[in-house]
């Protein structure tokens, strides 16, 4: 049923429809409405989950790790500093191949203190072994949750999934969202049946010591599972589209790229603004297009390379930066295009850090600068 | 076509609720809206904005609003420190919660400024100066951008019956004041 709700609410309702056995949260800034909504549903008896308030984000992640090891479907949400405090445990969750789903509401990192949107938090844990999906709309925030559980729990993947949504712009933005019926979700997402779990009757150890003899192989297996997810993600998105009648998820979305001479590559809600800018530029005769990354980890090199075939100049818009180097998406994209033997010129731009507004004018400026100086990390909108 | 509303308020005055009610009313009418806040630093009393973008199509644009068609000012003391008329379009409709007209100079002659004693209206109907529904009623009358019945319906959906009735009385008086 369609409703007019926040992205946080869309996530919470989607999670409730997936019926996790255990939800953990540390209820303090920078936490969001997601867990507040879920806590209400549990308290009102509308959702039969164990909702556990913990004493820190580190504990929130540890708790879902343990519950997942015990065979439960689990959920947690975090943001900004909270995600960074979780980061030690995030690596453990992935290393132990726990199919945890977590929503990251993208917000800037301190210092200086800043509560607003950028994507530095999730980008900072891109190497943790989690699949990362980025939503563009409130609708997609919910839709990606269903797909995330399908993906994480697929026996051939068994990798945790982080659904990333832009702070405020999506988390606090209200828009029309179609929330599916429980029976529809049940058809799409089967109950979670772990192939192995902690059970006193069948003792088993997760995450034990692996010395130089085996660590390399275990990391290779995780990498291979991530690469394998590149095949499964589009097929899950196709299933979703067949069942729910709308496109959400997948590896990438190409927007007006067929005959594009210039393109922007970006992730998240800024892609909506970019689409508006592209439509305006097209009316002025500029052949512009967008490649939206839905999946950032694993990085969909082949899909990116194919979608950008024939595009002469590519601008990457990063809402995060690997300080002293470039934006993270820029680095991955440049690598993918080199490996794909592209001749395209690729410039990298950093915009929107700490909530700096990205307008149609910002996007126009990027397209204009794309024809000028070669840059790998050109800041957009810097005050003089 | 997209039309845009900017709400000026202090954190705690219910600007997000106002934006949510407005957006939900548009949704009830079968149209699309995107309602979103821009906080100062989440401190009570700090100036903040909420925005509503309205269209017949799904809305993709995520930037803040700089050229509003509509402005609602929930607290007249903001006019001392914030240019509430910044960037308003030529035929903008501006609703200001104030007992008496303020000394504001609109950038063009076509801008319609409507002063509504919404605190006083709300005090009488709700018992507290929660001005938002009176301002929305005045906005609906002055702009024609949303139906009074749609706002009434979303107030009924959102609040328990007693509070809904009080807010609807406030909404309707706001409408009447703006019509006069």
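Some points to look at:
- Residue list for the stretch A:284-301, given a label point 7 angstrom along the Cα-to-Cβ vector of residue B:66 and an amide N cut-off under 20 Å: A:284
- Whole-number D in µm² s⁻¹ for the stretch A:48-137, Kirkwood Cα-pair radius fed into Stokes-Einstein, 10 °C, 1.306 mPa s: 117 µm²/s
- Gain on full stretching of the segment that runs from residue A:204 to residue A:88 - 0.36 nm per residue minus C-alpha separation: 39.5 nm
- Stokes-Einstein D (µm²/s) once Rh is taken as the Kirkwood radius of the stretch A:174-265 over alpha-carbon pairs, at 25 °C in 0.890 mPa s: 136 µm²/s
- When each of A:58, A:223 is scored by the number of other beta-carbon atoms lying within 10 Å, the sequence from fewest to most is A:223, A:58.
- Rough spin-label spacing in nm, given labels placed 7 Å along Cα→Cβ, for residue B:44 and residue A:364: 4.3 nm
- Relative compactness, the stretch A:95-223, computed as alpha-carbon Rg over 2.2 N^0.38 Å: 1.27
- Computed from the C-beta positions of residue A:182 and residue A:306 and an R0 of 41 Å, the FRET efficiency is 0.65 to the nearest 0.05.
- Estimated from the Cβ-Cβ distance and a Förster radius of 41 angstrom, the FRET efficiency linking residue A:43 and residue A:127 is about 0.65.
- Using R0 = 30 Å, the C-beta based FRET efficiency linking residue A:219 and residue A:341 works out to 0.55.
- Relative to the longest principal axis of the Cα atoms of chain A, the long axis of helix A:80-95 lies at roughly 60 degrees.
- Kirkwood analysis of the stretch B:1-104, using all unique Cα-Cα pairs, places the hydrodynamic radius at 14.0 Å.
- In terms of other Cβ atoms within 10 Å, B:66, B:32 run from fewest to most in the order B:66, B:32.
- Nearest 10 degrees, 0 to 90: helix A:7-18 Cα axis against chain A principal axis: 40 degrees
- Extent along principal axes [Cα atoms of chain B; Å; largest to smallest]: 39, 38, 36
- For the protein assembly as shown, the calculated P(r) over all alpha carbon pairs, in 10 Å bins from 0 to the bin holding the longest distance, is 4, 17, 26, 25, 17, 8, 2, 0, 0 percent.
- Under the simplified labelling scheme, the residue B:176-residue A:2 pair shows an inter-label distance of 3.5 nm, with each label point 7 Å from Cα along Cα→Cβ.
- For the protein assembly as shown, the share of DSSP beta bridges that are antiparallel, to the nearest 5, is 35%.
- With contributions of -39500 (n - 2.57) from each DSSP H run of at least four residues, the per-residue ellipticity at 222 nm computed over chain A stands at -12500 deg cm²/dmol.
- Once the gyration tensor of the Cα atoms in the stretch B:60-124 is diagonalised, the equivalent ellipsoid follows with semi-axes of 22, 14, 11 Å, ordered largest first.
- Distance in nm between pseudo-label sites at residue B:162 and residue A:70 (7 Å out along the Cβ direction from Cα): 4.3 nm
- Label point 7 Å beyond Cα of residue A:371 along Cβ direction - residues of the stretch A:302-336 with amide nitrogen under 15 Å: A:312-315
- Residue order for B:26, B:72, B:16, fewest other beta carbons within 10 angstrom first, comes to B:16, B:26, B:72.
- If the Kirkwood radius is taken over C-alpha pairs of the stretch A:252-379, then at 20 °C and 1.002 mPa s the Stokes-Einstein diffusion coefficient equals 151 µm²/s.
- Against chain A, whose longest principal axis comes from its Cα atoms, helix A:33-43 is set at around 20 degrees.
- For the stretch A:2-244, the percent of C-alpha pairs falling in each 5 Å distance bin, counted from 0 to the bin holding the largest distance, reads 1, 7, 14, 19, 21, 17, 11, 5, 2, 1, 0.
Bear in mind these aren't lab numbers, they're just calculated from the coordinates by the rules spelled out. Keep in mind it's a predicted model, so treat the numbers as computed, not measured. Note that each Cβ is placed from the backbone with ideal geometry, even for glycine, and that neighbours are counted across all protein chains shown.
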